[in-house]
Each structure stands twice: as structure tokens, then as C-alpha cells.
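Trainee: Sharing a structure with you now.
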Amino acid sequence: MGNWKFPSIKVVFFLSSLLQTCMSSVQNRGRLNLGFQGAQMNWIDNDGLILLSNNSVFAFGFNPTQDVTLFQLVVVRNGGSTIIWSANRGNLIHNSDLLIFDRSGNAYLQSGGSTIWSTGTANKGVVAMELLDSGNLVLVGNDSSVIWQSFSHPTDTLMSNQEFTEGMKLVSNPSSNNLSFSLEIKSGDVILSADYQPPQPYWAMGKDNRRIINQDGGYVVSATLEANSWRFYGQNRALLWQFLFSDNRDANATWVAVLGSDGLIIFSRLQSDNTISASSVQIPQDQCSRPAACDPYFVCYSGNKCQCPSTLPSCKLGSVSFCNRSQDSVELVNAGDGLSYFALGFVPPSQKTDLNGCKASCQGNCSCAAMFHDSNSGNCFLFDQIGSLQGSTNGRNYASYIKVLTSAGGGANQGGGGTNKARFVIVIVIVISTVLVIVGLLYAGYRYHQKKNKAFPESPKESSEENFFKNLSGMPVRFSYNDLQAATNNFSVKLGQGGFGSVYQGILPDGTRLAVKKLESIGQGKKEFRAEVSIIGSIHHLHLVRLKGFCAEGSHRLLVYEYMANGSLDRWLFPKNKGEFMLDWETRYSIALGTAKGLAYLHEDCDVKIVHCDIKPENVLLDDHFLAKVSDFGLAKLMTREQSHVFTTLRGTRGYLAPEWITNYAISEKSDVYSYGMVLLEIIGGRKNYDPSQSSEKSHFPTYAFKMMEDGNLKDIIDTSLKIDEDDERVSTAIKVALWCIQDEMSLRPSMTKVVQMLEGICPVPPPPSSQLGSRLYAGFLKSISDGGTGTGTSSGPSDCNSDAYLSAIRLSGPR
């Protein structure tokens with residue numbers, strides 16, 4: 001018996017392994033349960049496809065790329081090659097890398113021990129993964145509610161009946177020039193842009209004369225492919241526009257819109273025989289009105305013919321940097337008459353000036369690669385990067401100039417013989433001599449620095465800070481001080497002044513614009529510097545300003561942010577000159593909602609709860625499309641998920657502090673809610689919450705707002721300069737939300753998630769309690785900061801409106 005025992009174990013092990021392999025290759029239909037995991041090699045006999053939709057039209061699984069050893073996790077047309085959605089388009093995997101759908105409800109891709117993609121749905125009630133007949137991959141809960149769906153995270157393709165909303169983005173595969181294109185809903189319109197830095201729009205549905213207008217004056221918030229048209233909706237699903245892309249009106253037809261690497265949107269019908277029938281209608285209509293119609297600097301003429309301007313020495317200019325070069329080595333060359341550029345109808349002019357002023361601006365800006373000037377309007381446009389030019393068809397008289405490097409013989413105007421050769425030899429000798437001198441100086445500096453370091457060892461404080469940054473996970477880019485000094489032109493353009501230092505404008509060699517915050521009092525600001533690097537450096541969200549890097553070198557402490565072209569909110573709410581541009585109601589409401597989403601993400605969607613502690617208009621920044629982003633995390637407080645309140649030292653800005661700060665009670669995320677309520681009131685009223693120049697009744701705005709709300713006089717709360725539709729319910733909603741947020745009693749204030757739901761119209765807003773809050777706050781405002789009192793409340797807060805199903809898809813889009 002002993003001779004047979006060991007072989008039998010081997011046989012059983014072999015059979016069980018074989019059975020497991022065979023079972024793993026059986027395709028699932030419609031549904032995948034928790035606890036699943038597998039790699040592409042397990043489904044090689046099913047073309048890598050794991051899950052089929054119930055109608056067998058779509059499949060989910062691994063799809064090979066041009067390099068057959070690398071794979072994407074995709075939703076694909078079953079039996080065809082049309083990819084509907086991809087999880088890891090920019091981060092390909094091997095055939096042994098695992099897809100895991102674990103018991104907590106999280107689905108993720110693991111490669112080499114690292115997670116490269118995840119749905120982020122752990123412990124959110126997910127019970128199964130389903131592939132719907134529409135091609136939508138969803139994670140569902142017990143009640144079949146959708147907790148996550150691929151339709152909310154599109155790649156480069158939109159499907160029939162897939163809702164495309166504000167905050168989503170369609171991004172093409174890169175072109176041969178490594179240029180991508182993106183489609184977004186921005187400022188109430190649907191925009192196609194080339195992903196230069198900054199992006200350059202080249203098409204907008206609002207300017208396409210093929211659209212059918214169903215309702216004027218609307219603000220697009222979503223778009224859907226329905227039957228043979230692309231439909232664009234405003235608030236409350238009001239149909240604003242239609243775009244017909246086919247004469248086939250079959251309501252059951254399945255269409256896809258694909259943003260290609262050439263910058264065109266192509267509409268195609270998926271046929272039952274797995275073939276594709278493309279429509280002749282495409283976006284944009286004019287082939288030459290897209291960035292990649294020709295190579296950069298070439299001119300596109302009718303019929304998609306490309307030609308290099310005869311005035312240029314060559315169109316193969318490449319990505320040349322004009323910075324750190326002498327003015328004599330750079331020249332602006334006239335590209336010729338009758339030319340235009342695709343972005344001119346979409347971007348605001350850099351300035352208004354005459355032709356010479358425009359040329360001087362481009363020459364004086366080393367990032368400028370090309371300029372266009374309209375002699376009729378005086379508009380001057382400067383671009384850091386450009387695509388192909390257009391042979392002008394609209395009759396506009398643009399002067400077009402391209403920046404080139406001059407050669408030793410005179411730049412773009414080639415000529416001369418022996419003289420040029422002699423000059424060339426002289427230049428070579430000078431260059432070599434200069435390089436040798438620079439190398440020598442660098443070596444001497446390096447030796448001096450080494451000796452200095454040996455003579456003065458690193459202090460314990462500096463060493464501890466180095467350890468802090470080295471141990472920081474997900475640390476942003478670390479710049480040297482010299483890099484930032486060069487980027488800011490020795491800190492010459494000051495954008496503003498903060499509590500711990502000044503902010504300067506900067507430009508990297510690749511043309512990326514930056515805002516550089518220079519801490520000027522290191523002793524006071526070191527803690528805040530560490531807080532900002534560790535907190536904002538590890539989180540990314542549409543409505544949180546992005547920390548691109550930092551500098552901690554010697555006594556220098558600098559923070560590098562993305563550049564926000566329109567500055568801070570206070571600049572637009574409280575302009576110094578009354579005649580300046582004022583924000584309209586749509587923009588103000590969008591800013592209020594965006595700020596609320598950013599705070600909701602900090603409070604509820606990060607690994608730790610982050611209380612900002614200093615919400616005010618100065619810390620709400622606006623990009624070039626007036627998209628709101630919360631900034632300045634230097635005073636932020638971290639709380640664990642188990643903590644509901646925490647004691648901390650007084651921080652923040654007077655006028656926006658919640659009562660618990662003043663009375664030394666424990667604070668929580670509800671303290672941010674109070675500050676947000678004050679900011680929301682200022683957005684609505686267009687005035688500061690305390691203005692001594694007003695009458696005694698109106699000087700303290702919250703008190704006055706409560707009184708006007710009780711009297712039913714909402715018009716007296718709103719900024720008198722605003723033109724608002726009397727039927728716009730958002731006005732009443734915003735005022736009530738603001739008054740809920742500034743309740744004295746912390747428990748009465750809604751969470752920021754609830755605020756988002758109420759502002760989006762998902763959740764009803766009951767009238768706030770009639771209270772004496774205003775008078776108490778007013779008294780506290782006039783007293784010293786240590787004399788404030790606590791507040792009370794008598795009414796219950798806004799109705800719960802509860803579950804995660806109500807949360808905005810946009811707010812949940814930020815990675816953890």
C-alpha cells in the first residue's frame with residue numbers, strides 16, 4: 001500500500017489542477033460574483049474574454065494590443081475588434097497579471113504586486129459585476145442599484161444611450177506626434193480641444209451650424225446618443241440642441257461616437273454581423289479646422305492639401321525651446337498672408353494692441369512659438385505650441401508670425417558664401433570656449449560645495465525634514481531652488497500675497513505655466529509647508545487645486561501649483577472698481593457647487609478625513625473657464641474616520657470662523673460647512689459678510705439675510721447687479737442652503753455631501769430655522785476673537801436624502 005500512496009496523491013493533485021484550469025476558462029454570462037480572480041492566460045481559449053452580456057453582443061476581458069505580449073482590460077464588441085471601454089489604456093499588462101474582484105466589492109488590476117487600476121468600491125455594498133446588454137459594465141448592490149459603471153468613466157468612445165455629463169472627459173489615443181484630443185462639457189457647451197499645455201479648443205457644438213436648436217439660451221449639462229442624433233440637455237433634462245448624424249431613424253440601432261487620434265469624432269453603426277457602418281457626418285465638418293490636419297506649421301488647404309509656407313526656412317521645426325537664448329538668435333518670420341489658426345475662434349486674445357505691440361509681446365515671451373494679429377479688432381493671440389495652420393476661408397485678415405532660430409548666416413534669410421563660413425568657424429570656437437569655461441566653473445563649484453558640506457554637517461532639524469519627505473508616499477515632483485528661480489524670472493511677477501508668503505507666476509522650459517508660493521517666514525510656516533505637501537500632494541480632484549511640486553532646499557521652502565488664470569474668487573466678487581466685469585448667476589452657482597464638491601471629497605472620500613479650516617473666497621481659485629478649485633491646505637487638520645470631533649489650536653480667518661472655534665469647543669468637518677455657508681452668502685449677495693459702510697440693519701449680512709428670509713424678501717439678499725430669472729428656483733435653494741450651513745448648533749448644519757445634493761436639486765431644502773443666530777454672530781464679530789458664544793438651534797436639519805446613490809458622479813470621480 002505504501003508504494004501506491006504517493007503516486008495517488010500526485011494524480012489527485014494533477015486532476016484537481018486540470019479541473020481548476022478548465023473551470024477558469026468557462027466564460028461567465030451576464031454576471032460575475034465576488035471572489036473572482038484570474039489572468040489572460042486562463043482564458044486564452046476564449047480569446048481572453050471572461051464575461052459576456054446576456055445578449056452575447058458585448059464581452060469583457062483581456063484584449064491584445066499591437067504588441068501581442070501586452071493587454072488591455074476592455075469591454076469589446078463580441079466577435080469584433082471594436083473596443084467600447086478600456087480600464088488600463090495607458091498602463092498595459094502581461095498575460096500573467098491578475099484581474100481581482102475581491103470579497104469587499106473592489107475590482108482591480110494587479111501587475112508586479114502593484115495596483116494599476118481600481119474601481120475604488122471596497123466596502124460599498126457591491127455584490128456582483130454585470131455586463132449589461134448596452135455594453136455598460138456595472139458593479140451592483142443587493143437591490144440591483146448601480147454603485148459603479150464604466151459608462152461614467154469613458155475612454156474615447158460613447159455608446160447609444162450613454163449619458164455624457166459635465167466633469168467627464170473623452171480622450172483620444174495619442175497621434176503620431178504624441179498629441180491627444182479631448183471632449184468635455186465646459187461652460188454650458190460641448191468642446192473639443194487639442195491637449196497642448198494649455199489646451200487649445202478647435203470645435204464647439206454651440207458654434208456648429210449643423211445643430212438643431214430646440215431651446216435658446218440653455219446651459220448644456222449632459223449629452224446622449226439617441227437613435228440617429230446626438231442630443232444635448234440642460235438642467236432638468238430640458239432638450240436644448242440636436243445634432244443629426246444619420247438619416248437612418250431606427251430607434252433600436254446601436255451607434256458609437258469615437259474620438260480618433262486624428263482629432264475627428266466619427267459616428268458608426270454597429271451591425272448585427274459584427275461589421276461597422278460609418279456615417280459620412282463627422283466632427284468637425286471642415287478637415288482643416290483640426291490641429292492634426294497636417295503636420296505642425298504646415299498650412300492645410302481645401303481638400304486636405306498640406307503645404308509648408310514659402311517664407312519659412314523649414315516646417316520641420318520640432319519642439320525647439322526659445323528660452324535661455326539671446327534675442328539675436330531668435331527671429332519672428334511672417335508666415336504669409338491669408339492664413340488662420342483653428343483655435344482663434346475659441347480662445348480669448350492675449351491682449352489688444354497693434355501689430356508691433358503683438359510682435360514685441362511674442363519676442364519678449366520665450367515660451368511664445370507663434371502669434372496671430374487681427375488688424376480690424378487689435379486682438380493679439382500668442383501660442384506656446386501650434387498644430388497645422390489653415391488657409392483662411394472666413395475673410396479675416398490675420399497677420400501670422402512664426403518664431404524660428406536664426407542660423408550663423410542670418411537665420412531664416414539664408415545667403416552669403418565664404419563670409420558665412422568664417423562666421424560659422426568663429427561661432428564654433430566661441431561656443432567651445434564657453435562650454436569649457438562653464439564646465440570648469442561647475443567643477444569648481446561642485447568641489448567647493450563638497451568641502452562646505454564636510455565642514456558644516458547637516459543639522460538634526462534639516463535631517464528630520466529630509467526623512468519626512470523621503471518617507472512621504474506619492475510625493476509630488478521636487479524642484480531645485482534654481483529651477484524655480486529661473487521659472488519665475490527671479491520671482492519678478494507677483495500674483496498675490498498669502499498668510500505665509502507670496503505667490504509668483506512661473507513658466508517651465510516646456511511652456512507649462514505655474515504658480516509658485518514662496519514661504520517667507522520659515523519658522524512660522526514650516527509646519528504648514530509640511531501639511532500642504534503631505535495633504536494636497538497625495539490627492540487629486542477636479543475641484544481641488546493641484547500641487548505640481550515643491551522645493552525644500554536649505555532655508556528655501558516653495559510650493560508649486562497649477563496656474564489658475566482667473567485668480568481667486570474674491571477678485572471677482574469684490575472688484576476694486578465698480579465698472580469691472582461681474583460674475584453672472586450661472587457662473588456663481590457653478591462656482592458654489594464646485595467648491596462644495598471639493599470640500600465633500602476632502603471630508604468623505606479621502607483615506608483620512610481632511611478639515612480645511614480656512615475656507616474663504618481668497619482660497620477658492622478659478623481656472624480660465626471659471627472652474628472652482630479649493631486651495632491653500634496649510635492650516636488643514638487630519639481626522640481619522642473614527643473621530644467625529646477634535647480639539648486643535650485656533651486657525652482660520654476671522655469672519656469665516658464657526659462659533660466652536662471661538663468658544664474652544666471641539667471642531668469637526670462641520671466647521672468647514674459653516675465657513676462655506678459664509679462664502680456662499682457672499683457669492684449670492686456680491687458683498688462681504690460684514691460691511692461697516694452699510695446701514696446698521698444691513699452691515700452684518702448673515703443677520704440681514706435671516707431677517708429677509710423670514711420676511712419673504714429674497715430679492716433684498718441677492719446682488720443687485722445680477723440679472724436672474726424669477727422662476728429660477730436655484731436662488732431660493734442657494735439662500736436656504738447658506739442659512740442652514742451657518743447655524744450656530746453644529747449638529748444642525750448639513751454635511752457637504754448633503755449640500756452638494758441640495759444644490760444639484762437631488763434633495764429638497766426645507767426652510768432653515770427661525771433663529772437669533774444673526775444677532776449672536778454680529779455681537780461676536782464686534783467682540784474680540786475670544787469672547788464668542790455658543791449657539792443653539794431648535795429645528796431638525798435638512799432631510800437625509802441618504803444613500804450613496806444620490807452622490808454626484810462628478811464628486812466621486814477623484815482618485816483616493
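The values are calculated or read from the model by the stated rules, or taken from the named source; none is laboratory data. It should be emphasised that the depicted structure is a prediction, and the values quoted were computed from it without experimental measurement. Neighbour counts are summed over all protein chains in view; Cβ atoms, including those assigned to glycine, are modelled from backbone coordinates with ideal geometry.
Trainee: In the stretch 585-668, which strands (runs of 3 or more DSSP E) lie fully inside it and hold 1 or more residues that are modelled with pLDDT of 80 or more?
Mentor: In the stretch 585-668, the matching strands (runs of 3 or more DSSP E) lie at 609-611, 620-622, 628-630.
Trainee: Then there is this: So is residue 247 assigned to a loop (DSSP other than H, G, I, E, B) and over 21 Å from residue 194 (Cβ atoms) or not?
Mentor: Here the answer is yes, as residue 247 does meet what is asked.
Trainee: Moving to a separate point now. Starting from the stretch 262-281, keep only residues that are within 17 Å of residue 55 (Cα to Cα), then list their pairs with residues that are of a type in the set (Gly, Ala, Ser) whose Cβ atoms are within a distance under 7 Å, requiring at least 6 positions of separation or different chains.
Mentor: Cβ pairs passing all conditions: 271/277; 274/79; 274/80.
Trainee: Let me confirm something: among 302, 310, 319, 314, which residue is at pLDDT below 90 and closer than 30 Å to residue 490 by Cα?
Mentor: Residue meeting the stated conditions: 319.
Trainee: Checking the conditions here, which among 675, 671 is modelled with pLDDT of 80 or more, more than 26 Å from the chain's Cα centre (by Cα), in a helix (DSSP H, G or I) and of a type outside the set (Phe, Trp, Tyr)?
Mentor: 671
Trainee: I'd like the full set of residues that are assigned to a loop (DSSP other than H, G, I, E, B) and either surrounded by 19 or more Cβ atoms within 10 Å (Cβ to Cβ) or among the hydrophobic types (A, V, I, L, M, F, W, C) (or both), limited to the stretch 258-295.
Mentor: Of everything in the stretch 258-295, those that are assigned to a loop (DSSP other than H, G, I, E, B) and either surrounded by 19 or more Cβ atoms within 10 Å (Cβ to Cβ) or among the hydrophobic types (A, V, I, L, M, F, W, C) (or both) turn out to be 263, 264, 284, 290, 291, 292, 293, 294.
Trainee: Please give the number of the condition residue 224 fails out of (1) over 20 Å from the mean Cα position of the chain (by Cα); (2) closer than 24 Å to residue 384 by Cα.
Mentor: (2)
Trainee: Is it true that residue 277 is among the hydroxyl-bearing types (Ser, Thr, Tyr) and closer than 15 Å to residue 183 by Cβ? Break it down into steps so the answer makes sense when it comes.
Mentor: On the way: among the hydroxyl-bearing types (Ser, Thr, Tyr): yes; closer than 15 Å to residue 183 by Cβ: no.
Criteria not met by residue 277.
Trainee: Please determine whether any residue of the stretch 307-321 is surrounded by 13 or more Cβ atoms within 10 Å (Cβ to Cβ) and in contact with a Leu (Cβ under 7 Å, 6 or more places away or on another chain).
Mentor: Quick first cut of the stretch 307-321, residues surrounded by 13 or more Cβ atoms within 10 Å (Cβ to Cβ) only: 307-309, 311-313, 315, 317, 321.
After this cut, where a residue has to be in contact with a Leu (Cβ under 7 Å, 6 or more places away or on another chain) as well, the list is none.
No, the conditions are met nowhere in the stretch 307-321.
Trainee: May I pose another question? Just the residues that are crowded, with 16+ Cβ neighbours inside 10 Å, in a loop (DSSP other than H, G, I, E, B), hydroxyl-bearing (Ser, Thr, Tyr) and in contact with an Asp or Glu (Cβ under 9 Å, 6 or more places away or on another chain), please, taken from the stretch 131-172.
Mentor: Residue satisfying the conditions is 172 alone.
Trainee: Oh, and also: Every residue in the stretch 729-764 that is modelled with pLDDT under 90 and farther than 19 Å from residue 611 by Cα, please. Please lay out each step first, then the result.
Mentor: Keep residues of the stretch 729-764 that are modelled with pLDDT under 90, which gives 744-747, 763.
Passing the criteria: only 763.
Trainee: Looking for something within 29 Å of residue 305 (Cβ to Cβ), outside any helix (DSSP H, G or I) and at pLDDT 90 or above - is there at least one such residue anywhere in the stretch 357-368?
Mentor: yes
Here is a yes/no grid of residues against (1) under 28 Å from residue 593 (Cβ atoms); (2) not aliphatic (A, V, I, L, M); (3) not in a strand (DSSP E or B):
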{"site": "174", "(1), (2), (3)": "no, yes, yes"}
{"site": "178", "(1), (2), (3)": "no, yes, yes"}
{"site": "184", "(1), (2), (3)": "yes, yes, no"}
{"site": "190", "(1), (2), (3)": "yes, no, no"}
{"site": "197", "(1), (2), (3)": "yes, yes, yes"}
{"site": "203", "(1), (2), (3)": "yes, yes, no"}
{"site": "206", "(1), (2), (3)": "yes, yes, yes"}
{"site": "209", "(1), (2), (3)": "no, yes, yes"}
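Trainee: Being of a type outside the set (D, E, K, R) and in contact with a helix residue (DSSP H, G or I) (Cβ under 8 Å, 6 or more places away or on another chain) is true for just one of 241, 255. Which residue is that?
Mentor: Working: 255 fails: in contact with a helix residue (DSSP H, G or I) (Cβ under 8 Å, 6 or more places away or on another chain).
That would be 241, the only listed residue that is of a type outside the set (D, E, K, R) and in contact with a helix residue (DSSP H, G or I) (Cβ under 8 Å, 6 or more places away or on another chain).
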